[in-house]
Amino acid sequence: MCVMCGDLITQVHWADRIYSGSDEAEVVVGDSSYRDNTRTRLLRVQFINSLVSFYGLSVESWRSSTYVIRDKKGNSKMATNLAEVWSLSEQLVERKIDILDPEFLSFVQQRGEV
């Protein structure tokens with residue numbers, strides 16, 4: 001798969017799915033559930049940015065199928081799901097991201113976004 005083309009991603013990560021009440025989760029391109037999924041994804045990206053900004057990172061959604069993680073030096077990595085966002089973020093900052101770090105928790109609390 002080409003890492004530059006989100007159209008070739010065939011599997012949708014469980015965190016990116018919208019559940020309609022049935023056991024099956026499906027993503028249909030172009031209908032209202034797709035728009036809801038995109039809206040939810042953008043809200044998710046906004047929330048992630050409120051967390052990773054502590055580490056000098058930013059995340060954006062690219063074509064509603066890929067996350068782009070950037071640092072302040074201009075480096076970037078592409079992730080296809082939330083699990084990859086965290087592991088690639090750790091690679092960019094070159095350290096383990098600890099969500100229980102007292103400085104991180106203080107930062108999040110002061111911003112009041114979470």
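Every read-out reported here was derived from the displayed coordinates using simple, explicitly stated rules and does not represent laboratory data. Everything numeric in this text was worked out from a predicted model, so none of it was measured. Heads up, the Cβs are rebuilt from the backbone with ideal geometry, glycines too, and the neighbour counts pull from every protein chain shown.
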What distance in nm separates the two pseudo spin-label positions at Q109 and K73, each 7 Å out from Cα along the beta-carbon direction?
3.2
12 Å beta-carbon shell around Y55, net charge (K/R +1, D/E -1):
-2
So, counting K/R as plus one and D/E as minus one, what does the shell of residues with Cβ under 14 Å around S76 add up to?
+1
Rounded if a/c is under 1.5, else prolate if a/b is larger than b/c, else oblate: which is the range 32-114, with a ≥ b ≥ c the root eigenvalues of its Cα gyration tensor?
oblate
